[in-house]
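Structure record follows, encoded as structure tokens.
The values are calculated or read from the model by the stated rules, or taken from the named source; none is laboratory data. This is a predicted model, so every value here is computed, not measured. Every residue, glycine as well, gets a Cβ built from its backbone with ideal geometry; the counts of neighbours run over all protein chains shown. Please note that ligands, DNA and RNA were not included when accessible areas were found on the heavy atoms of the full protein model with its side chains. Shrake-Rupley method; radii C 1.70, N 1.55, O 1.52, S 1.80 Å.
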Amino acid sequence: MKTHTTIYHSADEILEYDRSHIWHPYASMENPQPVLPVMSTAGTRITLADGRELVDGVSSWWTAIHGYNHPVLLEAARAQLEIMPHVMFGGITHKPAVELASLLVDISPEPLSKVFFCDSGSVAVEVAIKMAIQFHHARGLRGKNKLLTLRSGYHGDTFHAMSVSDPEEGMHSMFREILPEQYFADAPRCGFDCPWEERDIASFRNLIREHHGSIAAAILEPVVQAAGGMRFYSPVYVRRVRELCDQHDVLLILDEIATGFGRTGKLFACEHAGVSPDIMCLGKALTGGVMSLAAVLTTEKIAGAISAGSPGLFMHGPTFMAHPMACAVAAASTRLLMTMPLEEIIRNIEDKLRSGLEPCRGLSRVTDVRALGDIGVVEVDGPVDQAELTRRFIERGVWVRPFGNVIYLIPPYIINDTDLAHLTGAVVEVVKRGDI
Ligand SMILES: *Cc1c(COP(=O)(O)O)cnc(C)c1O
């Protein structure tokens, strides 16, 4: 019997305790998929307990844009740790929060100017939805409390976030009966570069025309539906959504949690469409992958209406709101990003992803090969064997974690051409061998 004084030294001890006591994301406690004990990280590398190094092809779930242990981010964390690791945000403010808010207001599309900090992407989505509903409520439009969204989307794991994630393919269909019912438009079909066809927006247009009286906001991931299958779609779709929302007194929430901070080749994906949302959610890469932090930005108009209505307060306030260390690291990460020739760096990664993955086209089971910004995708004709594929990738010295029917790469922006070629080469080999 281990006691509370036990210290887990060896990789085997860690694994054994983990297997019997700790949940992993979307995991079984009875029949767990294998997990890898990791000892350390640096740059593009994850070092395993047995000393092997893997090139990270997914930036720790799309967060570590500057790679791991970047000295600028570590220094920001260290400095803030010494000064003040955390303090409550009720009735108190601090420099890291103010600096980060002013950076986000500066770099985000106008007229976003009011910032709400929370801890995770899912909570940011909850906050955004509450803002939209409170906005209409404050104007006396209590019936406007539903959301309009797109099939194949993903917005998080909390209840309202689940309710706007894809109802069929999503990870939450078993909760359907207790989730609030929302309106789902067909997923966009026009690809990112494809000629726009007006009928692509028909389903969305019909829903908003018919139901705008009960719709508070439309919520979507602009240009890339990420966890719903790395689907790239036409910026014109986003532009049409903006126009239709304006025509029907419906707010537009853009969930840039996956696409923000350069991922699609622009600082924010909505820039491809030249569109600005009423409410924008940020998370994932916000702190460069160092800490958990998310933010919701909105406009003077919406913040003003909420504050002028009853009860005159925005009804949300997490315990760890605006965590000073997270804010300090996020400010350092954002500043670092702004000093980089971002579009040039991402264009180079996009070119290398596209050409590196191209040999997959025409291979057995492959239905599409595509790249946009920092995202490279090989799509296949059905679900892949994630555990088997992960094993094959580890054998080749890379950390790649496919899901559904996509094998994708989202490398850190600091990756060099050699590591990038290693990643794309590993994907090509694994797909070629038919291990999928
Ligand atoms: C990951 C993600 C979320 C949820 O963020 P968490 O931090 O995992 O709660 C929401 N929306 C999008 C688009 C995401 O990619």
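If I ask for residues that are of a type in the set (Phe, Trp, Tyr) and either not in a helix (DSSP H, G or I) or not assigned by TED's automatic domain parsing to the domain that holds Glu210 (or both), which ones from the range 230-261 would you list? Phe232, Tyr233, Phe261 - these are the residues of the range 230-261 that are of a type in the set (Phe, Trp, Tyr) and either not in a helix (DSSP H, G or I) or not assigned by TED's automatic domain parsing to the domain that holds Glu210 (or both). Scanning the range 103-158 for residues that are away from the ligand (no atom under 12 Å from the Cβ) and of a type in the set (Asp, Glu), which turns out nearest to Pro180 (Cα to Cα)? Going through the qualifying residues, I end up with Glu110. Kindly indicate whether Leu81 is touching a residue at least 60 places away in the same chain (Cβ under 8 Å) and part of a strand (DSSP E or B). Taking the combined requirement at face value, the residue does not satisfy it. Working carefully through the options Ala303, Ala322, find the one that is on the phi < 0 side of the Ramachandran plot and at pLDDT 95 or above. Every option except Ala303 fails the conditions.
Among all positions in the range 124-131, there is no residue which is under 15 Å from the mean Cα position of the chain (by Cα) and outside any helix (DSSP H, G or I). Can you report the number of residues in the range 385-403 which are among the small types (Gly, Ala, Ser) and at pLDDT 95 or above? Final tally of qualifying residues: 1. Under the condition of being modelled with pLDDT under 95, open to solvent by less than 40 Å² (accessible area, probe 1.4 Å) and within 24 Å of Ser234 (Cα to Cα), the residues counted in the range 168-212 number 1.
Let's see how each residue does on (1) within 25 Å of Ile349 (Cβ to Cβ); (2) in contact with a Pro (Cβ under 6 Å, 6 or more places away or on another chain); (3) open to solvent by less than 50 Å² (accessible area, probe 1.4 Å):
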site	(1), (2), (3)
Thr6	no, no, yes
Ala11	no, yes, yes
Ser20	no, no, no
Glu30	no, no, no
Pro37	no, no, yes
Thr41	yes, no, yes
Thr47	yes, no, yes
Asp50	no, no, no
Val55	yes, no, yes
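Of all residues in the range 404-436, those being at pLDDT below 95 and within 18 Å of Arg263 (Cβ to Cβ) number 0. Against the test of being crowded, with 23+ Cβ neighbours inside 10 Å and out of contact with any strand residue (DSSP E or B) (no Cβ under 9 Å at 6 or more places or on another chain), the options Ala387, Ala328 yield a single qualifying residue, Ala328.
Residue-wise test of (1) open to solvent by 20 Å² or more (accessible area, probe 1.4 Å); (2) in a helix (DSSP H, G or I).
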residue	(1), (2)
Met280	no, no
Val296	no, no
Leu313	yes, no
Ala332	no, yes
Glu344	yes, yes
Glu350	yes, yes
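Residue-by-condition table, conditions (1) over 18 Å from His66 (Cα atoms); (2) among the basic types (Lys, Arg); (3) in contact with a Gly (Cβ under 7 Å, 6 or more places away or on another chain):
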| site | (1), (2), (3) |
| --- | --- |
| Arg361 | yes, yes, no |
| Asp385 | yes, no, no |
| Glu388 | yes, no, no |
| Trp399 | no, no, yes |
| Val406 | yes, no, yes |
| Pro411 | no, no, yes |
| Val428 | yes, no, no |
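Filtering Arg151, Arg142 for residues that are surrounded by fewer than 24 Cβ atoms within 10 Å (Cβ to Cβ) and without any contact (Cβ under 8 Å) to a residue 12 or more places away in the chain leaves a single hit, Arg142.
Being over 18 Å from Ile279 (Cα atoms), away from the ligand (no atom under 15 Å from the Cβ) and free of Cβ contacts under 8 Å to residues at least 40 places away in the same chain narrows it down to one residue among Arg242, Arg199; which is it? Among Arg242, Arg199, only Arg199 is over 18 Å from Ile279 (Cα atoms), away from the ligand (no atom under 15 Å from the Cβ) and free of Cβ contacts under 8 Å to residues at least 40 places away in the same chain. Does Ser310 fit the bill of being farther than 23 Å from Phe117 by Cβ, more than 12 Å from the chain's Cα centre (by Cα), away from the ligand (no atom under 16 Å from the Cβ) and at pLDDT below 95? When the stated conditions are applied, Ser310 passes them.
Looking at the range 171-189, which of its residues are within 21 Å of Ala258 (Cβ to Cβ), away from the ligand (no atom under 12 Å from the Cβ) and either part of a loop (DSSP other than H, G, I, E, B) or not assigned by TED's automatic domain parsing to the domain that holds Pro235 (or both)? Within the range 171-189, His172, Gln182, Asp186, Ala187, Pro188, Arg189 qualify.
The sole residue among Arg199, Arg205, Arg209 that is farther than 19 Å from Asp246 by Cβ, part of a helix (DSSP H, G or I) and not assigned by TED's automatic domain parsing to the domain that holds Tyr408 is Arg199. Using the structure shown, decide if Glu99 is within 16 Å of the ligand (Cβ to nearest atom), in contact with a helix residue (DSSP H, G or I) (Cβ under 6 Å, 6 or more places away or on another chain), of a type in the set (Asp, Glu) and assigned by TED's automatic domain parsing to the domain that holds Glu271. Here the answer is no, as Glu99 does not meet what is asked.
Comparison of Ser122, Ser113, Ser165 shows that the only residue that is open to solvent by less than 20 Å² (accessible area, probe 1.4 Å) and not aliphatic (A, V, I, L, M) is Ser165.
Of the set (1) more than 15 Å from the chain's Cα centre (by Cα); (2) within 30 Å of Ala64 (Cβ to Cβ); (3) within 16 Å of the ligand (Cβ to nearest atom), all apply to Phe192 but (3).
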